[in-house]
Amino acid sequence: MIEIPAPDLTILDRRPQIIHDLEKLVPTGSFISSGDELRVYETDALTAYRRVPLAVVLPTTTEQVSSVLRYCSENGVKVVARGAGTSLAGGAIPQEDAVVIGLSKMNRVLSVNYRNRTARVQAGITNLAVSQAVGPGGFFYAPDPSSQLACSIGGNIAMNSGGAHCLKYGVTTNNLLGVTLVLIDGTIMELGGEHLDSPGYDLLGLICGSEGQLGIVTEATVRIIRAAENARPALLGFDTAEAAGAAVAAIIGAGIIPVALEYMDRTAIEITEGYAKAGYPLDVEAMLIVEVEGTSEEIDVALEQIINIASAHRPRSVKVSRGAVESAAIWKGRKAAFGATGRISDYICMDGTIPTGQLPYVLQRTGEIIAAYELRVANVFHAGDGNLHPLILFDINKPGEMEKAEAAGEELLKLCVEVGGCLTGEHGVGIEKRDLMRVQFSQVDLDQQMRARAVFDPRWLLNPAKVFPLDRRLVTQRVS
Amino acid sequence: MFGSIRHEPQDEVEVAEIIRRAADRFSPLRIEGGGTKSSAGRPIRADTVLSSANLRGVTMHEPSELVIQARSGTPVDVVQALLRENGQDLPFEPPSLSSLYGARGRPTIGALAAMNLSGPRRISVGAARDCLLGVRFVNGRGEIVKSGGRVMKNVTGLDLVKLVAGSWGTLGFITEVTFKVLPSARASGTLCIEGLSDADAIEILTRAMGSSYDVSGAAHIPEQDMDVPAQTLVRIEGSSASVEVRANRLRALLGEGRTVLSFDEERSAAIWSGIRELAPLRVRSDEVVWRLSVPPDRAAEVTAFVGSKLEGARWYFDWSGGLIWLALPSRTETEYNSVRVVIQKVGGHATLVRASEDVRRSVPVFQELPPALMAITAQLKNAFDPAGILNPSLMYERI
């Protein structure tokens, strides 16, 4: 079990006063302090862990976020920022002595500039809504996490989220041009804008992926991209994981960067096909979804090349999408993989990244590790960039199974680091991987990160139970 | 420099020892790679040089994983030669700026990261900082720190890689970098429309960038004299079949009755390496050079203002108008400030890229930051380099 720190009793004692004060800072309907309503905010997508927060505020303006933060700073109250609550790492799980600042009411597109290819949005808008807003103009917002229907841009920035198409278009940090950031003392700060790069240090780059520990982002300027004329996926089925892994290396080694290159193993295919009827091959051990885009002439050429390269690795089945309906079904299946798994079993989803050359070895070791714990695993992941998502299946009603699943997950993440990769590729550290940080980082590395953190939040009020192991935390004094 | 001390450590442990000793004595260090940009930034007072000259060599290269790792003092050309043998390259097309600074040495891969230097392709594949996957550096306490790694996707912990990229050696001495690489384009070509005004050219460039044809270069060079008309240039790269298809579609999209010239691969390559290295500016030795980063749709407004206020100003645009290279005859301080005034109006920032030491001492080289941002910046410097010994005051007075 992951430790969540015991609440500060002096804060709990002052709860009535804090509630009284905070309620005045936000409009009617933007404040929650009653038990049943607070329960909605007790967890995120890491549902095994729950804590009912002290109160929830749902500000409608940056100024309200600023006044709530200033109040919390002056009164030593902890703050947990929340977008849509879809974090798989527990990034939005609150604690009893913390106020949740939910950005869900700040969900508008403020402006779109097609000439500069940018959109200015509020942080609570969903990822998909940004693409929908610029879709009629032929544009889209590139990072596309599987949860894009629900997850918010603010949450994406906090976790530096990726998605299936970041092989070509990059992750959030590569598509972010500016933010409005509110610091713990209420200071409102503009970083970046419609232009590229910044004078001075790259604070925008530091903020992105900082998991709500440096401040709260209320608005963002994101890059929008003109959609390709066409895109078409192909399904390649293989008899072994090794053959599929070798095909991935061969495609990229040949100088072809597909817009997406996804991997699913037999278990994942079976689970997903049963739910989404995506037309996946059921007689293979591993399947690749390879998508290319461009003009239809370019797509034909690229797919032919890819299939030629893959044929050296003896695919059992090759199926090219014949049109928009089939393409949509193929992606619907992939994006529903986690949800479909959730319908048949409890699971935890790992998120380590490995050098792609290690794919066959890591898949083999994954099988062995999971077998040793007598559990099952479904592998679904972004093969092009080595970002693995083993879903470890377990039954929460069987005593000890969740602990076994967590222990197996820990071994898998250690394996990722051991082969030259990292603990998390796109989900973030949250509480889930917090205590494994020393597997990847030395204490010196962590101290340097904490010194940077302390510049923004020297008293550990912002999302404090996350990212850094709870022991040996470093607090430095601000210099004037 | 006569009488100066020069350290050329063999490994990062030695780097750490030198920095620790310097920190104990509050003795400032000038960080140096190939020494080709020693006249960039604010003048600093440091008699002791800490050089990456002996930290050389590619430490890892996995072509099928699109990744290369090298010690910081490795010359960029060495890295590029190795990549090109495998049909790959650094995606962001790094400029050397050697002709601008009149330097003879070889730029290093560590300095590329430290200065976040990106060329014309930055608008399609991102900046150096976007391709920088990992760094090892020694901070101002003499501690060896790593951040990031060698994989494409990594959100583990705070992203110090981004912070170190573009910090000009003021946060740490970079000892090793890991870059994402991409396959080189098999073919490329450039479309050119002649005779456009700045405003019309930016319109064409933004239209090209807003198309779905993966434009990888978008520049405009205004008329230089009667013989050379203004050129608006759009580059496409990829497989040869794909380049041809997209060139045809772009010609239809941008032409509208205008003549659209096509430049072949060889000419295209020469044009873009020129744009990367400021060739169109034909900078004279007595001129100062500015680099302006602005919203593309305000770019023509900026140059119209500069042209009306500052006699003898010359410029060209890259990044679809988002990057303006500007040459000016040497000026009074007030006149320099008008460059910053217009930037404040449209958003963005201006960097004084080349000027005499006197000018760089009196005119801020980097755009001044709002007070709250400057305070954070100073505290971050302190969090990495509490003794203030690494390239002190190279970026700002206190940084």
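The values are calculated or read from the model by the stated rules, or taken from the named source; none is laboratory data. Here the structure is a predicted model, which means the values were calculated and not measured. Glycine also receives a Cβ, built like all others from the backbone with ideal geometry; neighbour counts cover every protein chain displayed.
In table form, for the structure just shown:
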item: Members of the stretch B:257-277 found to be in contact (Cβ under 8 Å) with a residue 12 or more places away in the chain and either farther than 20 Å from B:Ile193 by Cα or hydroxyl-bearing (Ser, Thr, Tyr) (or both), listed by number; result: B:Thr259, B:Ser262, B:Ser268, B:Glu277
item: Members of the stretch B:130-140 that are within 9 Å of chain A (Cβ to nearest Cβ) and surrounded by fewer than 24 Cβ atoms within 10 Å (Cβ to Cβ); result: B:Asp130
item: Residue list for the stretch A:418-449, filter: more than 7 Å from chain B (Cβ to nearest Cβ), without any contact (Cβ under 8 Å) to a residue 40 or more places away in the chain and part of a helix (DSSP H, G or I); result: A:Glu418, A:Leu436, A:Arg438, A:Val439, A:Gln443, A:Leu446, A:Asp447
item: Residue list for the stretch A:91-116, restricted to those being over 24 Å from A:Pro53 (Cα atoms) and surrounded by 24 or more Cβ atoms within 10 Å (Cβ to Cβ); result: A:Asn116
item: Candidates B:Arg267, B:Arg258 - the one that is in a helix (DSSP H, G or I), surrounded by fewer than 16 Cβ atoms within 10 Å (Cβ to Cβ) and out of contact with any His (no Cβ under 9 Å at 6 or more places or on another chain); result: B:Arg267
item: Search result, residues across the stretch B:48-68 that are in contact with a Phe, Trp or Tyr (Cβ under 8 Å, 6 or more places away or on another chain) and within 14 Å of another protein chain (Cβ to nearest Cβ); result: B:Val67, B:Ile68
item: Residue among B:Ser72, B:Ser39 that is surrounded by 20 or more Cβ atoms within 10 Å (Cβ to Cβ), under 14 Å from B:Trp168 (Cα atoms), away from every other protein chain (no Cβ under 14 Å) and of a type in the set (S, T, N, Q); result: B:Ser72
item: Enumeration of residues in the stretch A:165-180 that are more than 30 Å from A:Val292 (Cα to Cα) and either within 20 Å of the chain's Cα centre (by Cα) or within 8 Å of chain B (Cβ to nearest Cβ) (or both); result: A:Val179
item: The one condition in (1) at pLDDT 95 or above; (2) touching an Asp or Glu at 6+ places or on another chain (Cβ under 6 Å); (3) closer than 28 Å to A:Pro258 by Cα that B:Ser242 fails to fulfil; result: (1)
item: Residue count for the stretch A:101-111, restricted to those that are within 14 Å of chain B (Cβ to nearest Cβ) and touching a helix residue (DSSP H, G or I) at 6+ places or on another chain (Cβ under 6 Å); result: 0
item: Residue list for the stretch A:257-268, restricted to those being more than 9 Å from every other protein chain (Cβ to nearest Cβ) and β-branched (Val, Ile, Thr); result: A:Val259, A:Thr267
item: Residue match in the stretch B:11-24 (condition: within 14 Å of another protein chain (Cβ to nearest Cβ), acidic (Asp, Glu) and free of Cβ contacts under 8 Å to residues at least 12 places away in the same chain); result: no
item: Selection within the stretch A:290-338 - without any contact (Cβ under 8 Å) to a residue 12 or more places away in the chain and either over 19 Å from A:Ala228 (Cα atoms) or surrounded by 21 or more Cβ atoms within 10 Å (Cβ to Cβ) (or both); result: A:Glu298, A:Asn308, A:Ser311
item: Some residue of the stretch B:108-122 being within 10 Å of chain A (Cβ to nearest Cβ) and among the small types (Gly, Ala, Ser); result: yes
item: Residue list for the stretch A:353-384, restricted to those being closer than 18 Å to A:Lys398 by Cβ and facing chain B (nearest Cβ under 10 Å); result: none
item: Failed item in (1) without any contact (Cβ under 8 Å) to a residue 40 or more places away in the chain; (2) more than 23 Å from the chain's Cα centre (by Cα); (3) within 14 Å of chain A (Cβ to nearest Cβ), with B:Gln344 passing the rest; result: (2)
item: Among the candidates A:Ala407, A:Ala452, A:Ala465, residue that is more than 24 Å from A:Ala286 (Cα to Cα) and either of a type in the set (Phe, Trp, Tyr) or within 10 Å of chain B (Cβ to nearest Cβ) (or both); result: A:Ala452
item: Of all residues making up the stretch A:246-256, the number that are within 11 Å of chain B (Cβ to nearest Cβ) and under 13 Å from A:Ile289 (Cα atoms); result: 2
item: Failed criterion for B:Leu394 (all others in (1) in contact with a Lys or Arg (Cβ under 8 Å, 6 or more places away or on another chain); (2) more than 10 Å from chain A (Cβ to nearest Cβ); (3) more than 30 Å from B:Phe26 (Cβ to Cβ); (4) at pLDDT 95 or above hold); result: (3)
item: Residue in the stretch A:268-287 that is closer than 29 Å to B:Gly126 by Cα and either of a type outside the set (Gly, Ala, Ser) or under 26 Å from the mean Cα position of the chain (by Cα) (or both) present; result: no
item: Residues of the stretch B:25-58 that turn out to be outside any loop (DSSP other than H, G, I, E, B), farther than 14 Å from B:Pro392 by Cα and touching a residue at least 40 places away in the same chain (Cβ under 8 Å), as a count; result: 1
item: Residue list for the stretch A:199-217, filter: at the interface with chain B (Cβ under 7 Å from one of its Cβ atoms) and assigned to a loop (DSSP other than H, G, I, E, B); result: A:Pro199, A:Gly200, A:Tyr201, A:Asp202, A:Cys208, A:Gly209, A:Ser210
item: Residue match in the stretch B:50-66 (condition: hydroxyl-bearing (Ser, Thr, Tyr), under 21 Å from the mean Cα position of the chain (by Cα) and not assigned by TED's automatic domain parsing to the domain that holds B:Arg354); result: yes
item: Set A:Ile299, A:Ile309, A:Ile271: member being β-branched (Val, Ile, Thr), within 14 Å of chain B (Cβ to nearest Cβ) and touching a helix residue (DSSP H, G or I) at 6+ places or on another chain (Cβ under 8 Å); result: A:Ile309
item: Residues satisfying the stated conditions in the stretch B:120-174, i.e. more than 22 Å from the chain's Cα centre (by Cα), in contact (Cβ under 8 Å) with a residue 24 or more places away in the chain and part of a strand (DSSP E or B); result: B:Val138, B:Asn139, B:Ile144, B:Val145
item: Count of residues meeting criterion [of a type in the set (Gly, Ala, Ser) and not in a loop (DSSP other than H, G, I, E, B)] in the stretch A:312-366; result: 11
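Every residue, every condition in (1) in the same structural domain as B:Arg20 (by TED's automatic domain parsing); (2) hydrophobic (A, V, I, L, M, F, W, C); (3) crowded, with 21+ Cβ neighbours inside 10 Å, yes or no:
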site: B:Ala313; (1), (2), (3): no, yes, no
site: B:Val339; (1), (2), (3): no, yes, yes
site: B:His349; (1), (2), (3): no, no, yes
site: B:Glu357; (1), (2), (3): no, no, no
site: B:Met374; (1), (2), (3): yes, yes, no
site: B:Asp385; (1), (2), (3): yes, no, yes
